[in-house]
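Heads up, the thing below is written out as C-alpha coordinates.
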Amino acid sequence: MLPGLYNYPVIGFLRIQGPFNAAKPEDSSSIRKVIPCRPASSDEERACAREILMKLAKLAYRRPISEDDMAPLMDFFELGLGQGTFEEA
(Lines give C-alpha, C1' and ligand atoms only; values in the text may rest on other atoms or scores of the structure.)
Protein backbone atom coordinates (compact mmCIF):
# COMPACT_ATOMS: atom_id res chain seq x y z
CA MET A 1 0.00 0.00 0.00
CA LEU A 2 1.17 3.51 -0.72
CA PRO A 3 1.41 6.04 2.13
CA GLY A 4 -1.77 8.13 2.34
CA LEU A 5 -3.85 5.74 0.19
CA TYR A 6 -6.40 3.43 1.72
CA ASN A 7 -7.22 1.56 -1.50
CA TYR A 8 -5.19 0.61 -4.55
CA PRO A 9 -5.62 3.05 -7.45
CA VAL A 10 -7.99 1.63 -10.06
CA ILE A 11 -8.96 2.69 -13.56
CA GLY A 12 -12.66 1.97 -13.82
CA PHE A 13 -13.20 2.96 -17.44
CA LEU A 14 -11.03 4.02 -20.37
CA ARG A 15 -12.24 5.12 -23.79
CA ILE A 16 -9.98 6.02 -26.70
CA GLN A 17 -11.54 7.64 -29.75
CA GLY A 18 -10.31 8.87 -33.10
CA PRO A 19 -8.88 10.15 -35.17
CA PHE A 20 -11.27 8.67 -37.67
CA ASN A 21 -10.21 8.43 -41.34
CA ALA A 22 -6.70 9.55 -40.43
CA ALA A 23 -4.25 10.00 -43.28
CA LYS A 24 -0.56 9.20 -43.11
CA PRO A 25 1.47 12.42 -43.33
CA GLU A 26 3.72 12.49 -46.38
CA ASP A 27 6.13 15.16 -45.19
CA SER A 28 6.69 17.27 -42.09
CA SER A 29 9.56 18.77 -40.15
CA SER A 30 9.31 15.87 -37.66
CA ILE A 31 9.54 13.28 -40.45
CA ARG A 32 12.54 15.09 -41.96
CA LYS A 33 14.33 14.93 -38.59
CA VAL A 34 13.91 11.15 -38.45
CA ILE A 35 14.24 10.44 -42.19
CA PRO A 36 16.97 12.76 -43.50
CA CYS A 37 17.35 10.93 -46.83
CA ARG A 38 15.00 9.49 -49.45
CA PRO A 39 16.44 6.91 -51.82
CA ALA A 40 16.01 7.79 -55.49
CA SER A 41 16.46 4.16 -56.54
CA SER A 42 16.53 0.71 -54.99
CA ASP A 43 20.36 0.84 -55.14
CA GLU A 44 20.33 3.67 -52.58
CA GLU A 45 17.86 2.09 -50.12
CA ARG A 46 20.33 0.24 -47.91
CA ALA A 47 22.71 3.20 -47.57
CA CYS A 48 19.83 5.53 -46.71
CA ALA A 49 18.36 3.02 -44.23
CA ARG A 50 21.77 2.67 -42.61
CA GLU A 51 22.03 6.46 -42.21
CA ILE A 52 18.56 6.63 -40.63
CA LEU A 53 19.12 3.66 -38.33
CA MET A 54 22.56 4.86 -37.29
CA LYS A 55 21.12 8.22 -36.23
CA LEU A 56 18.23 6.64 -34.32
CA ALA A 57 20.44 4.01 -32.68
CA LYS A 58 22.89 6.65 -31.49
CA LEU A 59 20.03 8.57 -29.87
CA ALA A 60 18.48 5.43 -28.39
CA TYR A 61 21.67 3.80 -27.11
CA ARG A 62 23.33 7.11 -26.11
CA ARG A 63 26.77 5.90 -27.17
CA PRO A 64 28.76 5.28 -30.35
CA ILE A 65 27.22 2.57 -32.50
CA SER A 66 29.20 -0.52 -33.52
CA GLU A 67 28.71 -2.91 -36.41
CA ASP A 68 27.36 -5.43 -33.87
CA ASP A 69 24.67 -2.89 -32.96
CA MET A 70 23.80 -2.20 -36.59
CA ALA A 71 23.55 -5.82 -37.78
CA PRO A 72 20.17 -6.66 -36.18
CA LEU A 73 18.76 -3.26 -37.13
CA MET A 74 19.70 -3.75 -40.78
CA ASP A 75 18.36 -7.33 -40.67
CA PHE A 76 15.06 -5.95 -39.40
CA PHE A 77 15.06 -3.38 -42.21
CA GLU A 78 15.74 -6.10 -44.79
CA LEU A 79 12.85 -8.15 -43.43
CA GLY A 80 10.53 -5.16 -43.71
CA LEU A 81 11.77 -4.29 -47.18
CA GLY A 82 10.92 -7.80 -48.33
CA GLN A 83 7.33 -7.23 -47.25
CA GLY A 84 6.72 -3.61 -48.24
CA THR A 85 8.12 -0.28 -49.32
CA PHE A 86 11.25 1.48 -48.10
CA GLU A 87 9.28 3.72 -45.74
CA GLU A 88 7.31 0.78 -44.36
CA ALA A 89 10.55 -1.10 -43.75
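The values are calculated or read from the model by the stated rules, or taken from the named source; none is laboratory data. None of these values were measured; they are calculated from a predicted model. Every residue, glycine among them, receives a Cβ derived from its backbone with ideal geometry; neighbour counts consider all protein chains shown. Ligands, DNA and RNA are stripped out before the accessible areas are found, and what is left, the full protein with its side chains, is counted by its heavy atoms. Shrake-Rupley method; radii C 1.70, N 1.55, O 1.52, S 1.80 Å.
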If ligands, DNA and RNA are left out, what is the accessible area of Glu67 with a 1.4 Å probe, given in Å² to the nearest 10?
120 Å²
Where the chain is the region considered: accessible area per residue in Å², 1.4 Å probe:
85 Å²
For the pair Asp75 and Ala60, how long in nm is the line joining their label points, each one 7 Å along Cα→Cβ?
1.4 nm
Residue farthest toward the positive end of the dipole of region 1-46, with Cβ of Lys/Arg at +1 and Asp/Glu at -1: which of Gln17, Ser41, Gly4?
Gly4
Under unit Cβ charges (Lys, Arg +1; Asp, Glu -1), what dipole magnitude, rounded to 20 debye, does region 32-84 have relative to its Cα centre?
480 debye
Once every Cα of the chain carries one equal point scatterer and solvent is ignored, give the base-10 log of I(q)/I(0) from the Debye formula at q = 0.25 Å⁻¹, two decimals.
-1.35
Mean separation of Cα pairs under 8 Å and 6+ residues apart, divided by the residue count of the chain: what relative contact order is that in percent?
15 percent
Restricting attention to region 12-42, which trypsin sites (Lys or Arg not before Pro) occupy a DSSP loop and are surrounded by at most 15 other Cβ atoms within 10 Å?
Arg15
Which ³J(HN,Hα) values in Hz, rounded to whole numbers, follow from the phi angles of region 11-19 under the Karplus curve 6.51 cos²θ - 1.76 cosθ + 1.60, where θ = phi - 60° and Gly and Pro get x?
9, x, 7, 9, 10, 10, 10, x, x
Measuring from label point to label point, each 7 Å out along Cα→Cβ, what is the Arg15 to Ser42 span in nm?
4.9 nm
Looking only at Ala23, Ala71, Ala49, which one moves most when the chain is put into a Gaussian network model with springs between Cα atoms under 10 Å?
Ala23
Using protein chains only and a probe of 1.4 angstrom, how many square angstrom of Glu26 are accessible, to the nearest 10?
130 Å²
Can you give me the angle between helix 67-81 and the longest principal axis of the chain, using Cα atoms only, in degrees from 0 to 90, rounded to the nearest 10?
90 degrees
